[in-house]
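Asker: Quick one: the structure is below, and I'll ask about it shortly.
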Amino acid sequence: MEDKQLDSEDVDMKDDSAPQKPIAIKKVGAGGDVEMEDGKASGNDGDDKKDEAKEDPIIVAINEIKDNFTLLERAVTLFDARFTLRVLRTISSLRRRLTPEILAKVIKETYPAEHPSVRRLEAVIKYDGAMEVESTEVTSKEGASGNVLPEVDIYIHLLAQIYLLDQKSLEEGAKFSTELVETIHLLNRRTLDSLAAKVYFYYARFHELLPSPTITSIRPQLLASLRTATLRKDIDTQATLITLLLRNYLLTSHITQADHLVSKTVFPESAANNLIARYQYYLGRIRAIQLDYTAAHNELVGAIRKAPQTAAAAGFVQAANKLNIIVELLMGDIPERSIFREPRLEKALHAYFLLVQAVRIGELDAFFDTLNTHAETFKKDGTYSLILRLRQNVIKTGIRMMSLSYSKISLRDICVRLRLDSEESAEYIVAKAIRDGVIEATLNHEKGYMQSKELLDVYATQEPQEAFHERIMFCMSLHNDSVKAMRFPMNQHRLELKNAQEARERERELAKEIQDGEIDDDDAGGEFEGL
């Protein structure tokens, strides 16, 4: 019987890596014989339902939003902003899947029916079946108890805000954002800082896309929020508001007000890299307009280095490089050719490449041809007014090329080659180039010619020392920025001070006990008696 039973229970051995079908065992007869049946049909319906539930984009998006609720709860409980940053990083992928149905289900399953945010959010998303949505099995703890965390509430409002921006509902979005900003302004919670910074960003974006008078109307609110964030030491919101105000002033060409804001405020050094890069870009544009090209160049180089090297930040990198190229030309330098060969910059910088070629050669005709051909591109980039200043640089470059090519050249020839109005203008420009150190030459006013000096040894001048000093300053600045960017455990120094203080107290107690005679020499020696 045992052999027969073993024979009836033998099964084929298959590879474990191959997917196995569920087996249903069915007894037949009194002898204990079993019949092996394929259980695929019995379990197929349940598997299909699970696959459909997993593949449903609406359910996936809702579950992802609810997972973010859990992260926000942990951020509040542990007082750790890293969980909030993880939530914000999911917005870029989540915003492409936002629909009125998803938002309506999240609202219904999160808020109690009498919550004041329900009516406002449902009025914004305009979902016809908002009152008929079916609840899923998972509900948040706050929704069940009737209390919703402010962080969860602001996060749902932020999703609605982004949805309105993607739907181009600018006027409704501006009104909704204004109410949301007023709500955030009254809340004083450090766990809301990162979310509040995002809300302010989209608040300014809505008003920026509306017609002209609207962009200036938000300045009082931004300034008031900046003052409040500074008093509360809200680093994220403070850095975001400073960049938004600078952008607001630059869009309306209020350069003086932007410069006053920079001089009256201190940008937080511990802000995120993307905010620092944006602040340095705006500061570089202000300094370039104010003719401080050296400071503008340093700020723009810092902005380009701190900018994210991802496809999402390609537009910012292109704008910063365009402005930096013009600033370098105004400084009398020629940008490196490798900049124009980068894949993500090559097409965007084509007009600027032609401009650099005209300036490098010193031909006014090529310069004005490029300027007239690509005038719309330069105006769109906001660099047209700066490019108009390059005329004098083109003339200086032309004079320098002629001083290197000719040991002696008449002012009449210079006037003809540079398309100048008269010989007096050529004489004035050559004299100014000699005074500025652009060329090494002498000017003969009576005979009307320019005499070039012999080329001196460059190492006998101050140029190598200046270049070496510039490199040292760059290395020191890079070192300082690296030290500032290092992260250390929070309050670790306090723990070390506490441990040191406890050790000193134990030493005092031990010394006092030895003096009082409570501890003999054997006890004090311990394991070091033999030493």
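The values are calculated or read from the model by the stated rules, or taken from the named source; none is laboratory data. Because the structure is a prediction, the values reported are computed rather than measured. Quick reminder, even Gly has a Cβ in these numbers, built from the backbone with ideal geometry, and neighbours come from all protein chains shown. Only protein heavy atoms, including side chains, enter the accessible area calculation; ligands, DNA and RNA are left aside. Shrake-Rupley method; radii C 1.70, N 1.55, O 1.52, S 1.80 Å.
Asker: Among the helices (runs of 4 or more DSSP H) contained in region 110-213, which hold 1 or more residues that are over 24 Å from ARG97 (Cα atoms), at pLDDT below 80 and open to solvent by 80 Å² or more (accessible area, probe 1.4 Å)?
Answerer: So the answer is 141-145.
Asker: Among the numbered criteria (1) on the phi < 0 side of the Ramachandran plot; (2) free of Cβ contacts under 8 Å to residues at least 24 places away in the same chain, which single criterion is violated by GLN221?
Answerer: The one condition GLN221 does not meet is (2).
Asker: I've got another one for you. What are the residues in region 89-108 that are touching a helix residue (DSSP H, G or I) at 6+ places or on another chain (Cβ under 6 Å) and over 14 Å from ALA160 (Cβ atoms), if any?
Answerer: ARG97
Asker: Are any of the residues in region 289-308 farther than 23 Å from ILE215 by Cβ, hydroxyl-bearing (Ser, Thr, Tyr) and touching a residue at least 12 places away in the same chain (Cβ under 8 Å)?
Answerer: Within region 289-308, one or more residues are farther than 23 Å from ILE215 by Cβ, hydroxyl-bearing (Ser, Thr, Tyr) and touching a residue at least 12 places away in the same chain (Cβ under 8 Å).
Asker: Now, a different point. If you check ASP80 against the conditions, is it exposed (fewer than 13 other Cβ atoms within 10 Å of the Cβ), at pLDDT below 85 and either under 25 Å from the mean Cα position of the chain (by Cα) or not β-branched (Val, Ile, Thr) (or both)?
Answerer: On the way: exposed (fewer than 13 other Cβ atoms within 10 Å of the Cβ): no; at pLDDT below 85: yes; either under 25 Å from the mean Cα position of the chain (by Cα) or not β-branched (Val, Ile, Thr) (or both): yes.
Judged against the criteria, ASP80 is not a match.
Asker: Just to be sure before I move on: is ALA320 in contact with a helix residue (DSSP H, G or I) (Cβ under 9 Å, 6 or more places away or on another chain), modelled with pLDDT of 85 or more and not in a helix (DSSP H, G or I) in the structure I sent? Quick ask: steps written out before the conclusion?
Answerer: Working: in contact with a helix residue (DSSP H, G or I) (Cβ under 9 Å, 6 or more places away or on another chain): yes; modelled with pLDDT of 85 or more: yes; not in a helix (DSSP H, G or I): no.
Against the criterion (in contact with a helix residue (DSSP H, G or I) (Cβ under 9 Å, 6 or more places away or on another chain), modelled with pLDDT of 85 or more and not in a helix (DSSP H, G or I)), ALA320 does not qualify.
Asker: Let me ask something else. Which ones in region 247-292 are open to solvent by less than 80 Å² (accessible area, probe 1.4 Å), hydrophobic (A, V, I, L, M, F, W, C) and assigned to a loop (DSSP other than H, G, I, E, B)?
Answerer: Those that are open to solvent by less than 80 Å² (accessible area, probe 1.4 Å), hydrophobic (A, V, I, L, M, F, W, C) and assigned to a loop (DSSP other than H, G, I, E, B): PHE267, ALA271, ALA272.
Asker: Against the conditions (1) assigned to a helix (DSSP H, G or I); (2) open to solvent by 20 Å² or more (accessible area, probe 1.4 Å); (3) in contact (Cβ under 8 Å) with a residue 60 or more places away in the chain; (4) in contact with a helix residue (DSSP H, G or I) (Cβ under 7 Å, 6 or more places away or on another chain), where does ALA312 fall short? Just the number, please.
Answerer: (4)
Asker: With the requirement that a residue be out of contact with any helix residue (DSSP H, G or I) (no Cβ under 6 Å at 6 or more places or on another chain), assigned to a helix (DSSP H, G or I) and more than 16 Å from VAL394 (Cβ to Cβ), what does region 328-344 give you? Spell out how you get there, then give the answer.
Answerer: So the first thing to find is which residues in region 328-344 are out of contact with any helix residue (DSSP H, G or I) (no Cβ under 6 Å at 6 or more places or on another chain), and the list is 328, 332-333, 336-339, 341-343.
Checking the rest, the ones that are also assigned to a helix (DSSP H, G or I) come to 328, 337-339, 341, 343.
Selection gives ARG337, SER338, ILE339, ARG341, PRO343.
Asker: Can you tell me which residues in region 238-285 are more than 25 Å from GLN318 (Cα to Cα) and touching a Leu at 6+ places or on another chain (Cβ under 8 Å)? First the steps, then the outcome.
Answerer: As a first pass, look at region 238-285 and keep what is more than 25 Å from GLN318 (Cα to Cα): 238, 256-257, 260-261, 263-266, 268, 270.
Result: GLN238, LEU261, THR265.
Asker: Could you tell me how many of the residues in region 231-246 are surrounded by fewer than 17 Cβ atoms within 10 Å (Cβ to Cβ) and part of a loop (DSSP other than H, G, I, E, B)?
Answerer: Start the filter on region 231-246 by keeping residues that are surrounded by fewer than 17 Cβ atoms within 10 Å (Cβ to Cβ), which leaves 231-233.
Cutting the leftovers down to part of a loop (DSSP other than H, G, I, E, B) gives us 233.
Result for region 231-246: 1.
Asker: A further question follows. When you go through (1) open to solvent by 50 Å² or more (accessible area, probe 1.4 Å); (2) in contact with a helix residue (DSSP H, G or I) (Cβ under 6 Å, 6 or more places away or on another chain) one by one for LEU411, which number turns out not to apply?
Answerer: (1)
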